[in-house]
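See structure below.
Nothing in this text is a laboratory measurement; each read-out follows from the coordinates by a stated rule. This one's a predicted model, so the numbers in the text were calculated from it and none came from an experiment. Cβ coordinates were reconstructed from backbone atoms using ideal geometry, including for glycine residues, and neighbour counts include every protein chain displayed.
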Amino acid sequence: MTLDISIEDSRWQRGGLEPLAEEAIAVVLAHFGLDPEVCEISLLACDDARIAELNAEFREKDKPTNVLSWPAEELAAEEDGGTPLLPEADFTGEIPLGDIAISYDTCAREAAGAGKNLANHTRHLLIHGLLHLLGYDHIRDRDAALMEGIEVLLLGKLGIANPYNS
């Protein structure tokens, strides 16, 4: 897999983001039967200030968020709860999936506030972001249920408890 990581906030480096990202991405790609050798993903590891800029620019929301995703292509199903299309290789034989940005500040704040392990919460957010690249979303009710169910399944494969249980 081609994972291009740009670390703007050194706390991510100290927190071991690269192996966490590789692990989270591997479990998602395996679940969908996608060859990791041909998949391309860019990951920006930043802070709240940077992700707030991106959120304002791309989503018109002037505040930080935990993770943002920009899919390389639109794969979403038209019907609520439908399964998105799987991405296909381009003319080079590669599968460009898109870009993800993750904020250390928000991720750490959410993990601490919920009493969660930061590494596990990071894995969850990376899985969540990658599912967005694969056409999953949580705007409509059945889409949200589908996405959440896949997240819980994949986190379970990593030995992480269901984060949606209180």
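Overview of results
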{"read-out": "Cα centre as origin, Lys/Arg/Asp/Glu Cβ charges: segment 118-166 dipole, Debye", "value": "140 debye"}
{"read-out": "Radius ratio Rg over Rh of segment 1-158, counting only Cα atoms, Kirkwood formula for Rh", "value": "0.94"}
{"read-out": "Residues Glu88, Glu37, sorted so that the one with the fewest Cβ neighbours within 10 Å comes first", "value": "Glu88, Glu37"}
{"read-out": "Residue order, fewest to most surrounding Cβ atoms within 10 angstrom, among Arg142, Arg50", "value": "Arg142, Arg50"}
{"read-out": "Stokes-Einstein D for segment 43-117, Kirkwood Rh over Cα pairs, 37 °C, 0.692 mPa s (µm²/s)", "value": "228 µm²/s"}
{"read-out": "Which of Ser69, Gly16, Thr2, positive extreme of dipole for the chain (C-beta unit charges)", "value": "Gly16"}
{"read-out": "Efficiency of FRET from Cβ geometry, Asp141 and Lys63, R₀ 30 Å, rounded to 0.05", "value": "0.80"}
{"read-out": "Alpha carbon centroid spacing (whole Å) that separates segment 25-62 from segment 95-166", "value": "11 Å"}
{"read-out": "Interchain or long-range residues, amide H under 5 Å from Asp47's placed H", "value": "Tyr104"}
{"read-out": "Relative contact order (percent, whole number), segment 72-166, Cα cutoff 8 Å, 6+ residue spacing", "value": "31 percent"}
{"read-out": "Principal axes of segment 1-88: Cα extent on each, largest first, Å", "value": "34, 31, 18"}
{"read-out": "Fraction of beta bridges assigned by DSSP in the chain that are antiparallel (%, nearest 5)", "value": "25 percent"}
{"read-out": "Dipole in debye (nearest 20) - segment 50-166, about Cα centre, beta carbon charges: Lys, Arg +1; Asp, Glu -1", "value": "760 debye"}
{"read-out": "Reach of Lys157 by Cα under 22 Å, taken over lysines that are not fewer than 8 positions away in the same chain", "value": "Lys116"}
{"read-out": "Full-stretch length increase - Leu118, Lys157 - with 0.36 nm per residue and alpha-carbon distance subtracted", "value": "12.3 nm"}
